[in-house]
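Novice: Structure incoming, see below.
The values are calculated or read from the model by the stated rules, or taken from the named source; none is laboratory data. Predicted, not measured: the structure shown is a model, and the values here were computed from it. Counting neighbours? That spans all protein chains shown, and the Cβs are built from the backbone with ideal geometry, glycine included.
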Amino acid sequence: MSINLEQGRNKIDWAKSRMPLLNLLRKRFLQELPFAGKRISMSIHLEAKTACLAVLLRDGGAQVHVTGSNPLSTQDEIAGALAEEANIKVFARHGVSSDEYTEHLVQTLAHEPHMILDDGGDLMTLLHKSPQDQVIGGCEETTTGVARLRILAQEGKLLFPMYAVNDARMKSLFDNRYGTGQSVWDGIFRSTNLLIAGKNVLVVGYGWCGRGIALRANGLGARVTVADVDPVRALEALMEGLNVAPVAEAVRDADLVITATGCADVVPEEALKGAKDGIVLCNAGHFNVEVRPDTLAKMAVSQRTVRDGVEEYTMPDGRHLYLLGEGRLVNLALGDGHPVEIMDMSFAVQALTLEHLLHVAPLEPTLYSVPSELDDRIARMKLESLGVRIDALTDQQRAYLGHTSS
């Protein structure tokens, strides 16, 4: 199958035209070259917006190697167009096998990077199996990846400093909530062409991603139920006017289930045995373990693809269960991922965090928070790009707050 490189270039140009923060950073990076002489390896969902980030880091002087962080999210026309750029090498292809995916990660690390930019923690994990002394550190942008890093840090096994970009306010409050909230539904609409109004929607996990998904479902006219193991989050969902129930109970009436936990087996076999005929299952977590395709295949007497990205599993009792995107990230496996403007903010956090790392290295090998001043700086840049002004504290107000907080 031929790859339309012109289409890839056009998509990248479109994204670039809607990313004012990265464009502002590019002007400065081209002058200052903060990453001159540095090698950066990226594992990230490879589509138009992430191509813009790779080009930004290259424009800042870096040599960049890029691979995809999910076998189904790489867009081949984007990967091909990005590979034409100077000082950027791409190792990614849509639909690769597990072994090919791992080999692409290995190739991405072959140029011995000084820094990594990770999505899900696969680059980090590989570097811990085959350590490289030149690594200064890196950043991780997902809930799943940060969870993996936090475990390593707590056990004292993290080999280099990493920044938890996912936890930055300018990432989690917007990317996880509004980005996921829109892009998940985009993937569902594209693949199913179904009406959501009036349907029973079960959202499993009520973190920032789950909140965004439930908010949009509610606005689309769905009857929304939330399942979560955290009692505080469950209570919050209840006070937002949503129903709250255990997965095994809620799945009996659900027309659509969306998982967003970052955990495994959150819709297990026992729950699926009680699922209603025609239920649609999909996942917004990083890995395809929240609703497992192999569990459905084991339960089914037959299996077939009924639409692009929609797999039908027929149960022994005649019920049909449908899984979207092989249980992988539905918004990227079956869509374009988060809106451009959202990723403009998230990628500004990534780029400035890597630049910050250069100024503070060497650091102890542990997990760090993104400095609050970077969050504030990016928020102000975003407001200015929108033509929005806000107030500032007076000297007297600063003195008052300083006094009361002392």
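Novice: Within the stretch 95-146, how many residues are in a helix (DSSP H, G or I) and buried (at least 17 other Cβ atoms within 10 Å of the Cβ)?
Specialist: Adding up the residues that qualify gives 14.
Novice: Here's something else I'd like to know. Is it the case that the stretch 38-48 has a residue that's over 24 Å from ALA333 (Cβ atoms), touching a Ser or Thr at 6+ places or on another chain (Cβ under 6 Å) and at pLDDT 95 or above?
Specialist: Within the stretch 38-48, none of the residues are over 24 Å from ALA333 (Cβ atoms), touching a Ser or Thr at 6+ places or on another chain (Cβ under 6 Å) and at pLDDT 95 or above.
Residues are listed down the side, and each one gets a yes or a no for (1) of a type in the set (Lys, Arg); (2) part of a loop (DSSP other than H, G, I, E, B); (3) more than 16 Å from ALA351 (Cβ to Cβ):
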position	(1), (2), (3)
ASN23	no, no, no
ALA36	no, yes, no
SER41	no, no, no
ALA81	no, no, yes
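Novice: For the stretch 292-308, indicate whether the set of residues that are in contact with a helix residue (DSSP H, G or I) (Cβ under 7 Å, 6 or more places away or on another chain) and closer than 19 Å to ASN200 by Cα is non-empty.
Specialist: So far as the stretch 292-308 goes, no, none of its residues is in contact with a helix residue (DSSP H, G or I) (Cβ under 7 Å, 6 or more places away or on another chain) and closer than 19 Å to ASN200 by Cα.
Novice: Right, here's the next one. Of the conditions (1) among the aliphatic types (A, V, I, L, M); (2) free of Cβ contacts under 8 Å to residues at least 40 places away in the same chain; (3) closer than 23 Å to ALA333 by Cα, VAL204 fails just one. Which one is it?
Specialist: (2)
Novice: So which residues in the stretch 247-300 are in a loop (DSSP other than H, G, I, E, B) and within 19 Å of ALA217 (Cα to Cα)?
Specialist: Scanning the stretch 247-300 gives VAL251, ARG252, ASP253, ALA254, ASP255, ALA260, THR261, GLY278, ILE279, ALA284, GLY285.
Every residue, every condition in (1) of a type in the set (Asp, Glu); (2) under 21 Å from PHE160 (Cα atoms); (3) crowded, with 16+ Cβ neighbours inside 10 Å; (4) not assigned by TED's automatic domain parsing to the domain that holds ALA54, yes or no:
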{"residue": "VAL349", "(1), (2), (3), (4)": "no, yes, yes, no"}
{"residue": "LEU352", "(1), (2), (3), (4)": "no, yes, yes, no"}
{"residue": "HIS359", "(1), (2), (3), (4)": "no, yes, no, no"}
{"residue": "GLU364", "(1), (2), (3), (4)": "yes, yes, no, no"}
{"residue": "GLU373", "(1), (2), (3), (4)": "yes, no, no, no"}
{"residue": "ARG380", "(1), (2), (3), (4)": "no, no, no, no"}
{"residue": "GLN397", "(1), (2), (3), (4)": "no, no, no, yes"}
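Novice: Residue under question is THR144, and the condition is that it be closer than 24 Å to GLU364 by Cβ and modelled with pLDDT under 95; does it hold?
Specialist: Yes.
Table: residues versus (1) closer than 27 Å to VAL370 by Cα; (2) out of contact with any Phe, Trp or Tyr (no Cβ under 9 Å at 6 or more places or on another chain).
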| site | (1), (2) |
| --- | --- |
| LEU30 | yes, yes |
| GLU47 | yes, yes |
| GLY61 | yes, no |
| GLY68 | yes, no |
| ILE88 | yes, yes |
| HIS94 | no, yes |
| SER98 | no, yes |
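Novice: Look through LEU238, LEU202, LEU215 and report the one residue that is crowded, with 17+ Cβ neighbours inside 10 Å and either part of a helix (DSSP H, G or I) or out of contact with any strand residue (DSSP E or B) (no Cβ under 8 Å at 6 or more places or on another chain) (or both).
Specialist: When all the criteria are applied, what remains is LEU215.
Residues are listed down the side, and each one gets a yes or a no for (1) within 19 Å of the chain's Cα centre (by Cα); (2) in a helix (DSSP H, G or I):
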{"site": "MET343", "(1), (2)": "yes, yes"}
{"site": "ALA351", "(1), (2)": "yes, yes"}
{"site": "PRO362", "(1), (2)": "no, no"}
{"site": "VAL388", "(1), (2)": "no, no"}
{"site": "GLY402", "(1), (2)": "no, yes"}
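Novice: Still on this structure, please answer the following. Quick check on THR67: is it surrounded by 24 or more Cβ atoms within 10 Å (Cβ to Cβ) and touching a residue at least 40 places away in the same chain (Cβ under 8 Å)?
Specialist: yes
Novice: Among the listed residues LEU296, LEU334, LEU321, LEU281, identify the single one that is crowded, with 21+ Cβ neighbours inside 10 Å, in contact (Cβ under 8 Å) with a residue 24 or more places away in the chain, over 28 Å from ASP122 (Cα atoms) and of a type in the set (A, V, I, L, M, F, W, C).
Specialist: LEU321
Novice: Does the stretch 323-334 include one or more residues that are outside the structural domain of ALA15 (by TED's automatic domain parsing) and charged (D, E, K, R)?
Specialist: There is at least one residue in the stretch 323-334 that is outside the structural domain of ALA15 (by TED's automatic domain parsing) and charged (D, E, K, R).
Novice: Do we have ALA86 as closer than 20 Å to PHE347 by Cα and among the aliphatic types (A, V, I, L, M) here?
Specialist: no
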